[in-house]
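Comments concern the structure below.
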Amino acid sequence: MSDAKPFTLLIAALGGEGGGVLNDWIVECALAQGLPVQATSVPGVAQRTGSTSYYIEMMRTPAPEGAQPVFALNPMPGGVDVVLASELVEAGRMVERGFVHPNRTTLIAASHRVYTTQEKMQMGDGRFDDERVHAGARALSARYLSLDMASIAATHGTVISAVMFGALAGAGVLPWSREVCERVIREGGLGVQASLAGFGAAFEAVADGSAREALAGAGAGLASKTSPEIWAPLLATLPAPMRGNAAHGVVRVLDYQDSAYGRLYVERLQRIAGAAGEACAQPAVAAALAEAARLLALWMTYEDVIRVADLKSRRSRIAQVRSEARARDGEILEVFEYLKPGVDEVAAVLPRPLGVRLRDWATRRGKLDSLNRGMHLPTTRIHGYLMLRLLARMRPLRRRSLRFHEEQQAIERWLAALERMLPASPAFAAALAELPRVLKGYGDTQRRGRASFTRIFDTLVERALASENDPAAGSAQELRAAIEAALAEPEGRELERSLEKAGIEPRPPAAKPIVWMKKPRAAASTVVTSR
């Protein structure tokens, strides 16, 4: 959604539920963030104590100096970003009137009912089927969240408006943080503790539910030790922009290593989210956090021979190959893996002291690349399959390996820089979050990517970190240009040109060894015929 378009919110409530207070809280939050905002209300005098609607339009970012946005007084069908309903039939009414759009609208509704006069007049059971409203809401909204707001309000001795506010904040749709909402409630001065309790309970319920949705959408089935009951509450502690990518990241990290590694992943995300603080709601910061969650998961699940062996020997992979080869049931299909492990790959999975010695020895003697030996390994035969599974079983030893140690050091360096830059310069932090894109693959590809990462970090990033003030206006663009240059050409020439434009002294091209090869003997010509 473009920042130039206003954020639109429609609240459907009943009389006496504190809808006006909720409306005022939202307006106060917007004003506290410097966001232009307009709110209108239409009181109702109908059945069930009267149905009242509140419509709010606000900008997502502060308006430029001298600019005055023009807002609409009434909601337009299909033009509402969020619909918040205090009761289930009110949610159905908003769907019926077209305010809920399947490509745009987040619908947040209470699951309890206040029965209509028509329902009460029936001689038998005249209650409307609640599930029909839920089904319509799920089908006709981009995102549907439902919770028992009445029970939460009763449990904490507050009115439902505070619970609605918590559900709205927990859904991650507001352009400000939870702390801003709670501060506005405190400044109201009436029923503060009860309102905060109801707000917090609803916030946690919706955030936890959103995290469960994200985990379900991540796909992979989680084992009992990695149950959503464990991971959903952890993901719920993250800002809304991070949760989707973080859910996929958790599944990937658990599949790669173990639960402890998954918790480390979430803790790292909590660190950078905490550093961003209230700025999480800013579009640039939200984008940086989401990208950091995605790239951190990829980085923490780097490819080594253990990972490659695991993926290549999975039953699902053999099934995929059979499907792509269109092999019928009963037909024999052989799969050969073409592998070329070298000193670097072997050293990477050895315990750190041994790996360092082996790599140093190979580097001194110029054998880092010359000892690579090609292998044709039949995965569908017993000896080939067992060899790969034996390598895959080395997963518990990965934490002691040389590559693991080096990757964790680099990750911590990047995270520390993000923590420093997120509150200081959101634009630079958003560019810095993309830096791990240059890290890819293994062998030569991995070494070149690591060299580019280190070169960019040692120059542009360290220069920004060393600055007493915020980085210069063009620093984020320079960093992004360097990342794109590193990805455009593997030898690093484009990267050096990009750094030179940013005022960094270029380094001389790396020397390449000359390899003398014996001329092969002339082979007798062979004629191949086919029928």
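The values are calculated or read from the model by the stated rules, or taken from the named source; none is laboratory data. Bear in mind the structure is a predicted one, so any value in this text is a computation, not a measurement. We place every Cβ from the backbone using ideal geometry, glycine too, and count neighbours over all the protein chains shown. Side chains are part of the model used for accessible areas, which takes the heavy atoms of the whole protein and leaves out ligands, DNA and RNA. Shrake-Rupley method; radii C 1.70, N 1.55, O 1.52, S 1.80 Å.
Annotation: of all residues in region 18-29 being aliphatic (A, V, I, L, M) and in contact with a Phe, Trp or Tyr (Cβ under 8 Å, 6 or more places away or on another chain), the one that is farthest from A67 (Cα to Cα) is L22. Does region 416-426 hold any residues that are open to solvent by 10 Å² or more (accessible area, probe 1.4 Å), in contact (Cβ under 8 Å) with a residue 12 or more places away in the chain and farther than 13 Å from E291 by Cβ, and which are they? Correct list: E419, R420, P423, A424, S425. Just to be sure before I move on: is L168 surrounded by 16 or more Cβ atoms within 10 Å (Cβ to Cβ), over 26 Å from A273 (Cβ atoms) and within 30 Å of the chain's Cα centre (by Cα) in the structure I sent? Here the answer is no, as L168 does not meet what is asked.
Checking each residue in region 239-288 for being more than 30 Å from R398 (Cβ to Cβ), in a helix (DSSP H, G or I) and in contact (Cβ under 8 Å) with a residue 60 or more places away in the chain picks out A240, P241, A276, G277, E278, A279, C280, A281, P283, A284, V285, A287.
Just to be sure before I move on: is G157 open to solvent by 30 Å² or more (accessible area, probe 1.4 Å), of a type in the set (G, A, S) and touching a helix residue (DSSP H, G or I) at 6+ places or on another chain (Cβ under 8 Å) in the structure I sent? Yes. From L311, L298, grab the single residue that is of a type in the set (A, V, I, L, M, F, W, C), more than 20 Å from P241 (Cα to Cα) and either surrounded by fewer than 21 Cβ atoms within 10 Å (Cβ to Cβ) or without any contact (Cβ under 8 Å) to a residue 60 or more places away in the chain (or both). When all the criteria are applied, what remains is L311.
Considered as a group, the residues in region 117-137 that are among the aliphatic types (A, V, I, L, M) and part of a helix (DSSP H, G or I) include one that is nearest to V95 (Cα to Cα), and that residue is A137.
A single entry from R113, R60 fulfils the requirement of being assigned to a loop (DSSP other than H, G, I, E, B), under 18 Å from A169 (Cα atoms), open to solvent by 30 Å² or more (accessible area, probe 1.4 Å) and not hydroxyl-bearing (S, T, Y): R60.
When you look at R493, is it under 30 Å from V305 (Cβ atoms) and open to solvent by 30 Å² or more (accessible area, probe 1.4 Å), yes or no? In short, no. Within the set P233, P175, the sole residue that is outside any helix (DSSP H, G or I) and modelled with pLDDT under 85 turns out to be P175.
So, in region 135-146, exactly how many residues are open to solvent by less than 60 Å² (accessible area, probe 1.4 Å) and more than 14 Å from L84 (Cα to Cα)? Final tally of qualifying residues: 2. Return yes when E267 is crowded, with 20+ Cβ neighbours inside 10 Å, within 18 Å of the chain's Cα centre (by Cα), modelled with pLDDT of 85 or more and among the acidic types (D, E) and no when it is not. Considered against the rule, which asks whether it is crowded, with 20+ Cβ neighbours inside 10 Å, within 18 Å of the chain's Cα centre (by Cα), modelled with pLDDT of 85 or more and among the acidic types (D, E), E267 comes out as no.
Annotation: of all residues in region 363-415 being touching a strand residue (DSSP E or B) at 6+ places or on another chain (Cβ under 6 Å) and open to solvent by 60 Å² or more (accessible area, probe 1.4 Å), the one that is modelled with the highest pLDDT is R400. Taking the criterion of being within 29 Å of the chain's Cα centre (by Cα) and surrounded by fewer than 20 Cβ atoms within 10 Å (Cβ to Cβ), no residue of region 8-26 qualifies. A residue that is open to solvent by 50 Å² or more (accessible area, probe 1.4 Å), out of contact with any Gly (no Cβ under 7 Å at 6 or more places or on another chain) and at pLDDT below 85 occurs somewhere in region 68-90. Of the set (1) over 37 Å from the mean Cα position of the chain (by Cα); (2) part of a loop (DSSP other than H, G, I, E, B), all apply to P341 but (1).
Every test in (1) in contact (Cβ under 8 Å) with a residue 12 or more places away in the chain; (2) closer than 20 Å to E96 by Cα; (3) open to solvent by less than 50 Å² (accessible area, probe 1.4 Å) is passed by M149 save one, and that test is (2).
E334 passes every criterion in (1) touching a strand residue (DSSP E or B) at 6+ places or on another chain (Cβ under 9 Å); (2) outside any loop (DSSP other than H, G, I, E, B) apart from (2).
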